[in-house]
Every structure is written in C-alpha cells, then in structure tokens.
Amino acid sequence: MNKAIIIGRLVADPEIRYTQGNEPIAIARYRLAVDRRFKKEGEQSADFIPCIAFSKLAEFAKNYLKKGTKIAVVGRIQTGNYTNKDGQKVYTTDVVVEECEFAESKAASGTAQTNPQTAPDDEFVPIPDDIESELPFR
C-alpha cells in the first residue's frame, strides 16, 4: 500500500502549469512545511514535502491555496528521475495529491481574526474570573 497523509503549511504560492494539447490539464506543484513531532537540538524542526496535484485538485490549488495556508493532503508517494541540463541524474520524490482540504478556518489562519477571544491552536482561551457566578450549577 502506498498512502501518505500529511498536514502542513504551504511554503509559497502553488506553481500552476498546463499541459499542451487539445484539452490542457492543470498541474500544480507546491511544498508543505510539516512540523516534526520530536526535534533534536541543532536539527531542523520541519520537513519540506513536495506535492503535485492534477486537474481539479490543481485548479483548487490555483484558486484557493496561498503561502501559509494550512492543508491536509492524502496521496501517494512517487519517485522518479531525470537528467538535468548539466548531464547529471536527479532523483525526485513527490506526494501525488489524491485528496486535499483545509486544516484550519480563515479566522484561525490569522486572515480574518476579529474575535479577541479566539486563540491560536496551541493556546487556551482565558477564562474570566467571575465565570462561576454565571454557571447554572455549583
């Protein structure tokens, strides 16, 4: 079984290209910064995973994804190789996107944060001191 599930933030806006021919197909390439669960001192704290999406998923990326957007991707890992213009063989590893969805709301991403009680994912909302007087039970 070849299945990858990753959640991360786009490092940059997706690159969109189209195939040539009678019915061009959209191809989107982007990289996701995926936090490492355990970090050793002196090591990087994230991995940068290259992803490639085709057709409707590429159009989705073109229309809705931008640098910093947090998304969840389900796909398969694909390896390949090519010879670059200097004659050197280059090996590639990509996640071919089969499913993609947003992993946070617009408000949580900071683009539309208007409620001061909204907290980032890793923080708690402060509880007012007099909250006990408003509770229906004690």
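The values are calculated or read from the model by the stated rules, or taken from the named source; none is laboratory data. These numbers were taken from a predicted model, which means no experiment stands behind them. No Cβ is skipped: glycine too gets one built from the backbone with ideal geometry, and neighbour counts run over all protein chains shown.
In the range 44-57, is there at least one residue being part of a helix (DSSP H, G or I), surrounded by fewer than 16 Cβ atoms within 10 Å (Cβ to Cβ) and at pLDDT 95 or above? It would help to see each step written out before you state the result.
First, the residues of the range 44-57 that are part of a helix (DSSP H, G or I): 55-57.
Add one more test, that the residue is surrounded by fewer than 16 Cβ atoms within 10 Å (Cβ to Cβ), and what stays is 55-56.
Next, from what is left, pick out any that are at pLDDT 95 or above: 55-56.
So far as the range 44-57 goes, yes, one or more of its residues are part of a helix (DSSP H, G or I), surrounded by fewer than 16 Cβ atoms within 10 Å (Cβ to Cβ) and at pLDDT 95 or above.
Name the residue that is farthest from ASP13 (Cα to Cα), counting only residues in the range 75-104 that are buried (at least 16 other Cβ atoms within 10 Å of the Cβ) and among the small types (Gly, Ala, Ser). Even if it seems obvious, please write down each step before you answer.
Initially, the range 75-104 is screened for residues buried (at least 16 other Cβ atoms within 10 Å of the Cβ), giving 75, 94-97, 100, 103-104.
Filter once more, so that each one left must be among the small types (Gly, Ala, Ser): 75, 103.
On the way: GLY75: 20, ALA103: 17 Å.
Step by step, filter the range 75-104, then rank; the result is GLY75.
Could you look through the range 76-105, keep only residues that are among the charged types (D, E, K, R) and not in a strand (DSSP E or B), and pick out the one that is modelled with the lowest pLDDT?
Going through the range 76-105, the residues among the charged types (D, E, K, R) turn out to be 76, 85-86, 89, 94, 98-99, 101, 104.
Now restrict to residues that are not in a strand (DSSP E or B): 85-86, 104.
Values: LYS85: 95, ASP86: 96, GLU104: 86.
Among those residues, the one meeting the criterion is GLU104.
Among the candidates ALA108, ALA61, ALA72, which residue alone is outside any loop (DSSP other than H, G, I, E, B), modelled with pLDDT under 90, surrounded by 11 or more Cβ atoms within 10 Å (Cβ to Cβ) and small (Gly, Ala, Ser)? So that I can check it myself, show each step before the final result.
Numbers: ALA61 fails: modelled with pLDDT under 90; ALA72 fails: modelled with pLDDT under 90.
Going through ALA108, ALA61, ALA72 in turn, the sole match is ALA108.
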